[in-house]
Every structure is written in C-alpha cells, then in structure tokens.
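A quick write-up on the structure given underneath.
The values are calculated or read from the model by the stated rules, or taken from the named source; none is laboratory data. Bear in mind that the values here come from a model prediction, so they are computed numbers and not experimental data. Every residue, glycine as well, gets a Cβ built from its backbone with ideal geometry; the counts of neighbours run over all protein chains shown.
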Amino acid sequence: MKKVAIVGQPNVGKSSLFNRLLKRRDAITSDVSGTTRDVKKGIVTLLENREFELLDTGGIDYTSELFSKVGDKSIDAAKDADIIVYMVDGKTIPNDEDKKRFWELQSLNKPIALVVNKIDNDKEIQEKFWEFSEFGAENIFAISVSHNRGLNQFYKWLEGLIPPNVNQTTIIEDDEMPLELLLDEKMDEEEDKEFKVAIIGRVNTGKSSLLNSLIKEDRVVVSDIAGTTIDPIDEAIEYKDYKITFVDTAGIRRRSKILGIEKYALNRTENMLKDADIALLLIDATTGVTELDERIAGLIDKYKLGALIVINKWDIRGEKEYKEAIDDIRDELKFLHYAPIITISAKTGQRVQKILDIIVDIYKNYSARIPTSKLNEAIKMAISRHHVPSHNGQIVKIKFATQFATKHPRIALVVNKPNLLHFSYKRYLTNFLREQFDFTGVPIELIAQKRGERVEDDEE
C-alpha cells in the first residue's frame, strides 16, 4: 500500500487536510502552533478501489528542543513515504525555509506536490498564489481545506498515483449469506486475533517510551516536557499470530490543570478507551500511586477493559522493595484486583518484552467463552459450598447460568427472584469462577434475570 505524507511548518492546515481525506475528525486541529507532535496514520479510499496510507506529521519547526524532535520525525516520515504533500500557508509570503526543505524533498525523486492552503477565493489566487511559483514545483495546487475549495484537482493528482486494489471481493450481507457461511463467519469473529491495547497514565510516566520500546522503533516523540503527546498514536505489530495495535494516549492531568488543546486530548483518550480491549496502566515507580492514578484506573473499570498494571522507572525506584511496592498498589487499586502487575524500565528495556506475552494471555481470557455445561457445573459447586441466602423468608434459586458475551465476559444468572440476589453473593460467585477458570487480567460481570428475559448486549 502506498504511503502519502503531509508535511510542512506548524499551523498550515495539515491535520485539517488529513481529516478531510479520511472523511472524519481523527486528528486534533487547533490554531495553537504545534498541536500535532507525532505521526498520525489513517487509511484513505479513493474511487472505492484505491487505498493508501495517509501520514499526518508534526510541524517542521526548530525553535525549541521539543519541536526539533517533532520536525525530525516529520522529515523521516516524508523520506519513508512514496508520495509527499508539502503544505504551505497561502496567507503568508513564500518562506525561504519552506523553499529549502521543499527542494531537499524534491531531490528524493518521489512524486511531490506543493499545496498552498488557505486560498479562500479567486482574488487571493490572483494576488497571492502566483508568488509560490518561486518553488518551481511541477505539481502545485491552490486549496482551502476549511472552505472545501480547489481540492478536486489535488484529488485527481493523487488518484493518478494510487494503483487500484487487485483483490476486490464481493461483500455478502448477512441476510443474503447461506446459513452455513454465516455460522462460519460468526465463528471467525469469536476467534478474532486482532486486538487493541491503550497505554494510559499520568503525564510523564513514560507511555511514549514504552510504546517505542514495545515496537522496537522510535515511533513517538519522547520528551521530559509534560503534555508532549496530544493525539493518540497507534502502531500495530504481529506477535504469536496476533495483530496487536498499541495506542499511546495523551498523559492525563488533574482537571484543574488541563489547558487549551489538552482538553481535546483528554476527550480523545476516553474515546480511544471505548474501542480498546486492554489497558496498560503506567505507574511511576518513583512516586507510587497518586489520587490521579486512582481516577485514571477508574476509566479501566468504567469501560470494562482487560488490564495490566505496569510499574515503570523501576531502575530508579529508590529505596522501596518489590513486595512493598506491589502491596501498596494492591491496597490503593483494590478494584483492579484482577490485573497482574509487572515492573519495567521503558528507558532500558528491562522486562518490556514480557508485556507482550502477558497481554496475549489477557486477551485470550478477555475473549474466551466458557461452555455452558462447565459454567453450570462450577455454579452448582459454588452453591453447594455456600447456599444462596434467602431474603426475609423468600427462597432465592439460581436455576442455571450462561455466558452471553465476551470482551468482557458477561454471564447471565437465571434466577427466580433476581432482585433479591444480594450483591455480596454475586461477588462470591465471581471470585469462585475466577478460581475455576482463568480470568486473569479481565473483569467479569454477572447479571441476574428471570427465565425468558433477554439480556441487552450492544457488542454482539
């Protein structure tokens, strides 16, 4: 698949063009210079059968240490791409730095276009656009992303460079598909080997360093400056026949300290968690669990994700011993009692690769379905050891159980008087099921209902 990189100085409209081509708001856009800091990726389809990978890069700006790293990432992305879109601000006069960088990229002998953005009307074409002929670009386009103006010619240029997909398949709707194929498809869905892992935590806990270490590539800008990552950055790897997509989310601050574009980042982080399967919760070993860590961990519980607690910076943890550190975390994060804990150093790579084995096991548990017969054997055994308590003389009976959903595991208990089944007994059953089956790293939800009631499930 061809790669197309959008590059240019900050605040010229790269992310807006990225969103326009993807036909959705995926990258954060803002008037604040330097909003995009890492390379954002998305798949664009043209004419229904031409696909390419689009890269939205950070602004090329060498006025500070952080922006210099961002600029280097952007240039590297352009060099790695098959097609380059160099974007400039049509409201300004041609910039010598832009011309120099455009000529350097042009020397790579790849298809390259100069896109002059913010040309909002014919008057600006006559008065400003012609000045950009100084670049000597063979392909130059005057556009306005915000006004959706002048984009057709640019699209045609792209279409001419993107080959059509060779393997086109006919999509059969469920109601048209033969029953046996439909059943096979449902089985494939249950054995899905692709999953998404969100890396979450406070600012400066090392999330971007961990992502780089996991994928063995400097994919994300790493800096001591808090708030470096704003857009969630995703990267997929293949491991043990699984495709794992990691998402490096923006670091979360206390709400009173969230400023400007970081508000967008917090919302985007929550949206990403809705689509994730597993969360890696990063805890800074040098500070331990803070009140904000507890609130962030609450998001894992809110979205019912598989979880792994990662204690980072273990190489500089100070005086605290392993058992003491683990006990402290277990005490502070009781509601994540099911989550395993690993100590690592993202900076040195210590134990980082062990995370891959752990999250594969967690995903297996997260997507596993317990056969109804085995589930009911376990429930009967639990009841025989500790009978269901009655309520004011009323007998409460659990008739049978069935797992009706995965990702996360949800189990329906068919009860004669579901409203009288005490939450403490459901907690007992949950703990008993954890003893009988491997639910390490995942939450379990038990739902009491009467026979014949349908449990609503949005995921299946």
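Considering each of A297, A307 in turn, give the residue that is of a type in the set (G, A, S), under 19 Å from G441 (Cα atoms), modelled with pLDDT of 90 or more and in the same structural domain as G206 (by TED's automatic domain parsing).
It is A307.
Which residue, of E324, E262, E319, is modelled with pLDDT under 90, under 21 Å from the mean Cα position of the chain (by Cα) and acidic (D, E)?
That would be E262, the only listed residue that is modelled with pLDDT under 90, under 21 Å from the mean Cα position of the chain (by Cα) and acidic (D, E).
Only residues in region 72-94 that are touching a residue at least 24 places away in the same chain (Cβ under 8 Å) and surrounded by fewer than 20 Cβ atoms within 10 Å (Cβ to Cβ) count as the first member; pair them with residues that are among the acidic types (D, E) and part of a helix (DSSP H, G or I), Cβ under 6 angstrom, at least 6 apart or cross-chain, and list the lot.
P94/E131; P94/E134
Only residues that are touching a strand residue (DSSP E or B) at 6+ places or on another chain (Cβ under 6 Å), hydrophobic (A, V, I, L, M, F, W, C) and in a helix (DSSP H, G or I): list them for region 105-145, please.
L105, I125, F129, F132, F135
Looking only at region 113-134, which residues are over 18 Å from G8 (Cβ atoms) and aliphatic (A, V, I, L, M)?
Hit for region 113-134 is I125, nothing else.
Can K407 be described as surrounded by 12 or more Cβ atoms within 10 Å (Cβ to Cβ) and at pLDDT below 90?
Against the criterion (surrounded by 12 or more Cβ atoms within 10 Å (Cβ to Cβ) and at pLDDT below 90), K407 does not qualify.
Out of K399, K364, K417, K380, I need the residue that is out of contact with any Cys (no Cβ under 6 Å at 6 or more places or on another chain), of a type outside the set (V, I, T) and under 29 Å from I300 (Cβ atoms). Which one?
K364
Would you be able to say whether some residue in region 81-89 is at pLDDT 90 or above and over 17 Å from F102 (Cβ atoms)?
Checked region 81-89: at least one residue is at pLDDT 90 or above and over 17 Å from F102 (Cβ atoms).
In region 318-350, which residues are touching a strand residue (DSSP E or B) at 6+ places or on another chain (Cβ under 8 Å) and either in the same structural domain as T406 (by TED's automatic domain parsing) or in a loop (DSSP other than H, G, I, E, B) (or both)?
If the condition is that a residue be touching a strand residue (DSSP E or B) at 6+ places or on another chain (Cβ under 8 Å) and either in the same structural domain as T406 (by TED's automatic domain parsing) or in a loop (DSSP other than H, G, I, E, B) (or both), then L333, Y338, A339, P340, I344, A346 are the ones that fit.
Of these, F67, F102, which one is assigned to a helix (DSSP H, G or I), of a type in the set (A, V, I, L, M, F, W, C), at negative phi and at pLDDT below 90?
Values: F102 fails: at pLDDT below 90.
After ruling out the rest, the residue left standing is F67.
Listed residues K407, K364; which is assigned to a helix (DSSP H, G or I) and of a type in the set (K, R)?
Just a single option satisfies the conditions, and that option is K364.
Output yes when any residue across region 344-362 is among the acidic types (D, E), surrounded by fewer than 17 Cβ atoms within 10 Å (Cβ to Cβ) and farther than 25 Å from K196 by Cα, and no when none is.
no
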